[in-house]
Amino acid sequence: MASLAAPGHFSPTEDAEALQKACKGWGTNEKLIIKVLGHRNAAQRKQIRQAYEQLYEEDLVKRLESELSGDFEKAVYRWILDPVDRDAVLANVALKKSNPDFPVIIEISCVHSPDELLEVRKAYKLRYKRSLEEDVAAHTTGDIRKLLVGLVSAYRFEGEEINARLANSEADVLHNAIKDKAFNHDEVIRILTTRSKAQLRATFNRYRDDQGTSITKNILVEHPDDFSVALRTTIRCFNDQQKYFEKVLRNAIKRAGTDEDDITRVIVTRAEKDLKEIKEGYYKRNSASLDQAVAKDTSGDYKAFLLALLGKEE
Amino acid sequence: MIIKPGTRKRGDDRDEAMAQSDELEALTKAFSGHGVDETTLIAVLGKSHPEKRKAFRKGNPQFFKEDERSFERWDDHRIKLLKREFSRFKNAVVLWAMHPWERDARLMKEALKDGPDSYNVLIEVACTRSSEELLGARRAYHSLFEHSIEEDVASHVHGPERRLLVALVSAYRYEGTKPKEDNAKAEAKTILNVIKSGEKKTDNEEVIRILTTRSKLLLKAVYKDYQEISGSNLDEDLKSDSRLQETVQCLCTPERYFSQVLDLALEIDADKSTKKALTRVIVTRADVDVKEIDEEFNKMYGVRLTKKIEDTANGNYKDFLLRLIAKGD
């Protein structure tokens, strides 16, 4: 469920005017920006952008980009984009890093429905004039490339039907591949990048029933290397994305340092989806509230914005 | 050749014999090539005299064999072939009426079922359709077969071809105008180096990357640049690897590719799957570039595609194909 608290009724014009007031003159009224944007869902934000464009003949996004700075600006920028456009931007940013941020690509591929992923690919082409798979391929090599290109290119069947016999045989295929010292990746990549999600979950469950441990644990034990990390990320996103995101947040908060990209990404992309469940999972796992942990780890307007998205009341 | 009933003089033995052999020839032609000549069959075979038919059976050892129990028996294999020829018109009509998405989905499924000899159809569909058309075919595939196309290709195809084919059917290429950074020359050089090194090209991940992810606009530029830096055409240099060659031809020079496929399909001794290409190509390109293919065919083989079809195809099937080609006029 969404953690975002957006009102049922709102006026895009009033909001646009408020935002313009917040940006007018010297300095910026960040609190007002957070008050408005931090409490509007995607459809509402789109209308606000349109109203702003009509009233002031200016792109609200560009205006905010120039007014704000730092982590706060990054968060607001990502927040105000259309969700599919946002994912396209996140993917591009992840690829352009000197050490490409594979988990972001994996997340986008695995967490969306097949049609949503297609929309992201369309948005990517529109924005960057190249296809997503083109850029993923250009920024990766070897088996990571095979895995990631396969993941972003997939247009999986969406049925809930599973073929138990197939789940059984493919669980065996995975088991044999992992057990083998040489660990030929091709079959693992084939299964992960083409089967429907329902079928994959059935296969992973079958694996656990047969082997007694989860497949991610076995991959880790047998082959601790970079490619395996990517494999495990993929499997964990398919199996239980809320648990996966909880872990991303937990690690990001634990990590000393100034890179808040992970925190921003998870909160911004999940605030309208399942951030509530992720919060609950976080509390169960850490006996501390996610809100408090984020508040301790961040500061200023950035903190206030994140807390708004997390559902903090005014 | 159609013999009009009642035009032959009766009672003239020599004329009779010649006319009979004419008829035999006409009937044999009516059953050969692509499709059947319904009009001749009706006019000649439809004539009821049992004696005539006996003479036809006796005079046609490729269709009828002398059975040990004293009757001329249809050759089983020949009946199978005839069934196929009679169905050609039906198949063309059904394929033509189909939504392009369903059509492409079914073509790909059939190609997978038929095995490696038909994998060129997968490449053809994946590479000669627009990004949205290929996407549509993938959607239709979900509905028709309850699997994704990439799932089925991945589990049915083995060996080095698998990676290429899965990537081709999964592509969602950029189709807009040339982007500012265009590294066609660099990509051409990369491919040339792989070819020169002698390593197996289908295993080379850079060749795969370039061919399966880059936009068609860029690939056509790569094709041109390759020609400039190496002196030969990329598809010729890929001759040892037919899948890659087909891929490059479909992406960069589709009219040439289709002309070659049609030329092979129109040969006298073309086998079953090669022959099917005639229907497939005409039906799938009639709304797209069949006119350009006709011109390219003429350039390559010195005869118009329409003339070749006129000579090699029969009856309703022939008329239907020619009508599809002429549609744009």
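Applying the criterion of being closer than 18 Å to A:L151 by Cβ, more than 7 Å from every other protein chain (Cβ to nearest Cβ) and not hydrophobic (A, V, I, L, M, F, W, C) to the residues of the range B:158-177, the residue that is least open to solvent (accessible area, probe 1.4 Å) is B:R162. Here A:F102 passes the criteria (1) touching a Gly at 6+ places or on another chain (Cβ under 8 Å); (2) within 27 Å of A:R156 (Cα to Cα) except the one numbered (1). Against the definition (under 30 Å from B:A154 (Cα atoms), in a helix (DSSP H, G or I) and more than 16 Å from the chain's Cα centre (by Cα)), how does B:W101 come out, yes or no? For B:W101, the condition - under 30 Å from B:A154 (Cα atoms), in a helix (DSSP H, G or I) and more than 16 Å from the chain's Cα centre (by Cα) - is met.
Within the range A:88-174, considering only helices (runs of 4 or more DSSP H) that don't extend past its boundaries, which have at least 3 residues that are more than 13 Å from every other protein chain (Cβ to nearest Cβ)?
Working: elements: A:102-111, A:114-128, A:132-138, A:142-153.
By residue number, A:102-111.
Against the list (1) open to solvent by less than 50 Å² (accessible area, probe 1.4 Å); (2) under 16 Å from A:T234 (Cβ atoms), the condition A:F102 fails is (1). The set of residues in the range B:185-217 being surrounded by 22 or more Cβ atoms within 10 Å (Cβ to Cβ), touching a Phe, Trp or Tyr at 6+ places or on another chain (Cβ under 8 Å) and away from chain A (no Cβ under 14 Å) consists of B:A188, B:I191. Just one of the numbered conditions (1) within 24 Å of A:A271 (Cβ to Cβ); (2) in contact with a Cys (Cβ under 9 Å, 6 or more places away or on another chain) is not true of A:S66: (1). Out of all the residues in the range B:117-126, is one or more crowded, with 22+ Cβ neighbours inside 10 Å and touching a Ser or Thr at 6+ places or on another chain (Cβ under 6 Å)? Taking every residue of the range B:117-126 in turn, at least one turns out to be crowded, with 22+ Cβ neighbours inside 10 Å and touching a Ser or Thr at 6+ places or on another chain (Cβ under 6 Å). Assessment of the range A:170-180 against the conditions (closer than 21 Å to A:S109 by Cα and of a type in the set (G, A, S)) yields no matching residue. Residues in the range A:30-55 that are among the basic types (K, R), more than 12 Å from A:D301 (Cβ to Cβ) and touching a helix residue (DSSP H, G or I) at 6+ places or on another chain (Cβ under 8 Å): A:R40, A:R45, A:R49. The residue list A:K122, A:K96, A:K129 contains one member that is open to solvent by 10 Å² or more (accessible area, probe 1.4 Å), closer than 24 Å to A:V248 by Cα and over 15 Å from the mean Cα position of the chain (by Cα), which is A:K96. Do we have any residue at all in the range B:230-253 that's of a type in the set (K, R), away from chain A (no Cβ under 14 Å) and loosely packed, with under 14 Cβ neighbours inside 10 Å? The answer is yes; a qualifying residue exists.
Regarding the range B:138-156, can at least one residue be identified that is over 25 Å from the mean Cα position of the chain (by Cα), free of Cβ contacts under 8 Å to residues at least 60 places away in the same chain and more than 8 Å from every other protein chain (Cβ to nearest Cβ)? Among the residues of the range B:138-156, at least one is over 25 Å from the mean Cα position of the chain (by Cα), free of Cβ contacts under 8 Å to residues at least 60 places away in the same chain and more than 8 Å from every other protein chain (Cβ to nearest Cβ), which makes the answer yes. Quick check on my filter: what residues within the range B:267-283 are more than 8 Å from the chain's Cα centre (by Cα) and either at positive phi or open to solvent by 10 Å² or more (accessible area, probe 1.4 Å) (or both)? Across the range B:267-283, the qualifying residues are B:E267, B:I268, B:D269, B:A270, B:D271, B:K272.
Hey, does the range A:179-190 have a residue that's within 11 Å of chain B (Cβ to nearest Cβ), out of contact with any Gly (no Cβ under 9 Å at 6 or more places or on another chain) and either free of Cβ contacts under 8 Å to residues at least 24 places away in the same chain or closer than 27 Å to A:R208 by Cα (or both)? Taking every residue of the range A:179-190 in turn, at least one turns out to be within 11 Å of chain B (Cβ to nearest Cβ), out of contact with any Gly (no Cβ under 9 Å at 6 or more places or on another chain) and either free of Cβ contacts under 8 Å to residues at least 24 places away in the same chain or closer than 27 Å to A:R208 by Cα (or both).
The values are calculated or read from the model by the stated rules, or taken from the named source; none is laboratory data. If you're wondering where the values come from, they're calculated on a predicted model, not measured in any experiment. Every residue, glycine as well, gets a Cβ built from its backbone with ideal geometry; the counts of neighbours run over all protein chains shown. The protein model used for the area step is the full one, side chains on, heavy atoms only, and it has no ligands, DNA or RNA in it. Shrake-Rupley method; radii C 1.70, N 1.55, O 1.52, S 1.80 Å.
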